[in-house]
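None of the figures in this text is laboratory data; all of them are computed from the coordinates on show. Please read all numbers here as calculations on a predicted model, not as lab measurements. In this analysis, Cβ positions are derived from the backbone assuming ideal geometry, glycine residues included, and neighbour counts consider all displayed protein chains.
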Amino acid sequence: MDNCAIVTGGSRGIGRAVVDRLLSDGFDVVTCGRGARPVGLPDAVVWVTADVSKTGDAAMLIEKANAAFGRIALLVNNAGVQVEKTVADSGDDDWDLVMNVNCKGVFNMCRAALPDMAAHGGNIINIGSISGMVADPSMALYNASKAFVHGLTRSIAVDHGPKVRCNAIRPGWIMTEMAEDGFALAGDPQRAMADALARHPVGRFGQPEDIANLVSWLASDQSTYVSGECFTVDGGMTAASPLNPGLF
Amino acid sequence: MKLQGKTALVTGGRGGIGRAIVARFLREGATVYAADLTPQGSLAEHDDDGSRFVAMNVADEAAVKAAMQQVDAEDGKLDILVNAAGIEIEKTIEDTSLEEWNQSFAVNVTGTFLTSKHALPLMRKAAAGGASASLINFGSYDGFIADPGLAAYCATKGAVHALTRAMACDHGPEGIRVNAICPGYIDTPMLQSFFTGDGSGGGGQSIDQLQQAVRDVHPMRTYGTPEDIANLVNWLASDEARYASGQLWVLDGGLSAQVQQMKL
């Protein structure tokens, strides 16, 4: 049985929760990041130092996963970066960083994995964002890059079904280091956090495990009819108007 | 057994999709009430599936109240409500009578409203235990993009989508999650009725040719089964989905991910 899952960006945050969940679901897990193997990563997980924005690294990651565990059944494109700037403030370096990792990285990984998946079947789960639907302020390139992920998700589902399923998850505010950096942007981070919390119908911010729960379902035989979708898991935040009167 | 100890009520519980949800909830360990007009629902036969049958027209407030009183008396709480009862009038608005229009809204929208309204006190009791209660409405991909000759149906499903978001905002703070599932083509009596009825626009094709044409336009090259829907209902009903609320979950084999090129 093909049981190998690749999770990009699995050193921390959502990626790490996905790694842990897929491992406990019985997958053979390979994960990667730009740095050295993170301390505390379970021994069963194969770590590859790789930068998904580099075409050669993406191919190398697939080869190493094949060598370790055989054919790849599941690809979770989680690796992402954010630059907290408006368009007016963004430089060429910002563009290159965000687009290379968030867009070209997902493209690179899908392109490297698809030939084998198209022949033998496979499953791709991309991590998009609610920010690809509705804009977070001062996150222009990040917001745009996540809209790219949603569009690519639909294209892969349409072009490579029925052998390949492809879906995206759009997390809302998940308490990771990346989200904490976002709050740090506010003039009054404490007040910003209280304000953001008041906009969540379920009354809390998300945890990386909330996203891993849906990855697990989308990776399972429970979701064989699900393809081309972008599912939001945000505690109800984007179901509410931005002018939610409960705030005032 | 993801739903051990939970109590669920499924409207349209003896219909095509409803039966699959009831069967799945029972397998997951829940106590399940199947509410429908008759024990047979929209299918010809009735199997004793182990659920508690409740005769209930979702558009009849007295019947809905009586059903909730029964749940209260027997279980004292309701963890999961699935509003799966629905009807489909296969006509353009010009051909739709006011009576048919009102009937569509009575079942699909007012039924969702009434059942939810009278279930909420019981769902609050369930949520008081700490785990969230889960309310799952049935929208449709037709609430986003239209199929021809289904005007009233499309309009009711759009209303259900908006109601889902509104309820998620209002009742999230009480520990109640509200989501809608938006199926595409699912093999049910309602779909077969669509193929054979006036709404198909069959153009002289046989029913089999028509069905194959519909399958072929799906990226997954098939349409879905009631069990495919029950798989997602089960996840949304479970504690795994504890952060999922206010969303419209399209489940259509990728149909609406593509630009439509259907020639039916």
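Values for this structure:
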read-out: Per-residue mean of C-beta atoms belonging to partner chains within 10 Å, peptide A:209-217; value: 4
read-out: Chain A: most fluctuating residue of A:A198, A:A50, A:A79 per GNM, C-alpha cutoff 10 Å; value: A:A198
read-out: Sorted by Cβ density within 10 Å, fewest first, the residues A:M133, A:M237; value: A:M133, A:M237
read-out: Long-range HN-HN contacts of B:R52 with modeled amide H, under 5 Å; value: B:V32, B:Y33, B:A34
read-out: Shielding of B:168-178 by partner chains, average beta-carbon count, 10 Å; value: 5
read-out: Angle between chain B longest axis and helix B:61-75 axis [Cα atoms, degrees, rounded to 10]; value: 50 degrees
read-out: Karplus-derived 3J(HN,Hα), 6.51/-1.76/1.60, for each residue of region B:170-187, Hz, glycine and proline x; value: 6, 10, x, x, 8, x, 10, 8, 10, 9, 10, 9, 10, x, x, 7, 10, 6
read-out: Amide H contacts of A:V76 (H built 1.01 Å from N, under 5 Å, at least 5 apart or other chain); value: A:I6, A:V7, A:T8, A:I125
read-out: Summed residue charge, Cβ within 13 Å of B:F105's Cβ, Lys/Arg positive, Asp/Glu negative; value: -2
read-out: Cleavage-rule hits (GluC sites (Glu not before Pro)) in region B:66-164: DSSP loop, at most 14 neighbouring Cβ within 10 angstrom; value: B:E94
read-out: Links that overshoot a 22 Å alpha carbon limit, given the list A:K163/B:K2; B:K6/B:K125; A:K104/A:K146; A:K146/B:K157; value: A:K163/B:K2; A:K146/B:K157
read-out: Neighbour-count order for A:D25, A:D234, A:D96, fewest beta carbons within 10 angstrom listed first; value: A:D96, A:D25, A:D234
read-out: Shielding by other protein chains, B:216-222, mean Cβ within 10 Å; value: 5
read-out: In sequence order, calculated HN-Hα J values of region B:211-227 (Karplus, 6.51, -1.76, 1.60; Hz; x Gly/Pro); value: 5, 5, 4, 5, 4, 5, 7, 7, x, 7, 6, 7, 9, x, 10, x, 5
read-out: Taking B:S134, A:S131 and counting other C-beta atoms within 10 Å, the order from fewest to most; value: A:S131, B:S134
read-out: Value of [θ]222 nm, deg cm²/dmol, for the protein assembly as shown, DSSP H segments ≥ 4, -39500 (n - 2.57) each, nearest 500; value: -12500 deg cm²/dmol
read-out: Sequence-distant residues sharing a close amide H with A:A219 (under 5 Å, placed H); value: none
read-out: Table column - 3J(HN,Hα) (Hz), region B:228-243, Karplus curve with 6.51, -1.76, 1.60, x for Gly and Pro; value: 4, 5, 4, 4, 7, 4, 4, 5, 5, 6, 7, 6, 4, 8, 5, 9
